[in-house]
Amino acid sequence: MADVTGPDDVRVEDVALDAEAADLRGVADATARECRSFLTTVTEVGAGTNPDAAIPLLLLAVSDVLAVGARLGAIVDVVPSERYEPDVGPDADVDPLRVALGRVLDGVDEYAEVVDPVLGREVGTSTLSGDLVAIAGALVQGLRHHERGHVLEALWWWQFSYLSSWGERAASVLRTLQTLLAHLRLDVEDDVAAEAEYDALQP
């Protein structure tokens, strides 16, 4: 039988592909927003605009971007249309940000971690400033693709780099920041704690 599909007819396969593309664009746009928010917060902390709130602000920013990474890790592998990554120019210079963050976090920047909790118990050291900048660099690379309209390439890069590098760094940073915040809030002199408890119990 001859194909009688007219020019205005729409195949089910085309609708499905359009819906999938729209879903991926939605994920990419949401990821881009969270990446920009993370970069803004990290840059502001590095500038020293609110040093007393540096740890809580970083904790919130890393938590949010890890939630984005978890969504990227949960979806199927993103496969870009091009075989090779499009050239978006030289890598962004993030070293000044690392130095700035190192100054703000002086005294608490370095921390210990288990290198690979699945394969062994080897303990290594890292720095919050270095890890935050590594995360920022990976997110910026994806943003550069996204801003050029390379939606699949941006998603592929964010997903791949989350699984291979920045997700692990962000998870380590998150635990360290949470631990720091707990020490700051809970490590107080006994008399101070007793006084605070007494005040809290008063009507």
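The values are calculated or read from the model by the stated rules, or taken from the named source; none is laboratory data. What you see is a predicted model; the values in this text were computed from it and never measured. As a convention, Cβ positions derive from the backbone with ideal geometry for all residues, glycine included, and neighbour counts pool all protein chains shown.
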Note to self: When you scan region 112-120, do you find a residue that is within 22 Å of Ala61 (Cβ to Cβ), within 22 Å of the chain's Cα centre (by Cα) and part of a strand (DSSP E or B), even just one?
What the structure shows: yes
Checklist line | Options Leu59, Leu24, Leu17: the member that is touching a helix residue (DSSP H, G or I) at 6+ places or on another chain (Cβ under 7 Å), modelled with pLDDT under 95, aliphatic (A, V, I, L, M) and farther than 16 Å from Leu139 by Cβ | finding: Leu24
Check: In this structure, does Ala154 turn out to be closer than 21 Å to Ala74 by Cα and modelled with pLDDT of 95 or more?
Finding: no
Note to self: Based on this model, can you work out whether Glu168 counts as in a helix (DSSP H, G or I), without any contact (Cβ under 8 Å) to a residue 60 or more places away in the chain and within 20 Å of Val76 (Cα to Cα)?
What the structure shows: yes
Next item on the list: Six or more apart or on different chains, Cβ under 9 Å: which pairs go from a residue in region 175-197 that's within 27 Å of Asp64 (Cβ to Cβ) to one that's at pLDDT below 65 and not acidic (Asp, Glu)? Could you list them?
Entry: Leu186/Ala193
Note to self: Which of the numbered conditions does Ser81 fail, given that it passes all the others? Conditions: (1) polar (S, T, N, Q); (2) crowded, with 21+ Cβ neighbours inside 10 Å; (3) at pLDDT below 90.
What the structure shows: (2)
Check: Can you name the number of the only condition in (1) under 22 Å from Gly46 (Cβ atoms); (2) touching a Phe, Trp or Tyr at 6+ places or on another chain (Cβ under 9 Å); (3) of a type outside the set (Phe, Trp, Tyr) that Arg98 fails?
Finding: (2)
Margin query: Could you check region 29-78 and list, in sequence order, the residues that are surrounded by 17 or more Cβ atoms within 10 Å (Cβ to Cβ) and either under 10 Å from the mean Cα position of the chain (by Cα) or hydroxyl-bearing (Ser, Thr, Tyr) (or both)?
Written below: Thr31, Glu34, Cys35, Phe38, Leu39, Thr41, Ala61, Val62, Val65, Leu66, Val68, Gly69
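Give the residue that is nearest to the chain's Cα centre (by Cα), with candidates limited to residues of region 121-161 that are outside any loop (DSSP other than H, G, I, E, B) and loosely packed, with under 14 Cβ neighbours inside 10 Å.
Step one: list which residues in region 121-161 are outside any loop (DSSP other than H, G, I, E, B), which gives 123-147, 151-161.
Okay, now just the ones that are also loosely packed, with under 14 Cβ neighbours inside 10 Å, so 123-125, 147.
Details: Val123: 24, Gly124: 22, Thr125: 20, Glu147: 18 Å.
Filtering region 121-161 for residues that are outside any loop (DSSP other than H, G, I, E, B) and loosely packed, with under 14 Cβ neighbours inside 10 Å, the one nearest to the chain's Cα centre (by Cα) comes out as Glu147.
Do we have Arg121 as of a type in the set (Lys, Arg) and in contact (Cβ under 8 Å) with a residue 24 or more places away in the chain here?
Numbers: of a type in the set (Lys, Arg): yes; in contact (Cβ under 8 Å) with a residue 24 or more places away in the chain: no.
So Arg121 does not fit the description; no.
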Margin query: Looking at region 91-101 only, could you name the residues that are of a type outside the set (A, V, I, L, M) and either surrounded by fewer than 18 Cβ atoms within 10 Å (Cβ to Cβ) or farther than 11 Å from Leu132 by Cα (or both)?
Written below: Asp91, Asp93, Asp95, Pro96
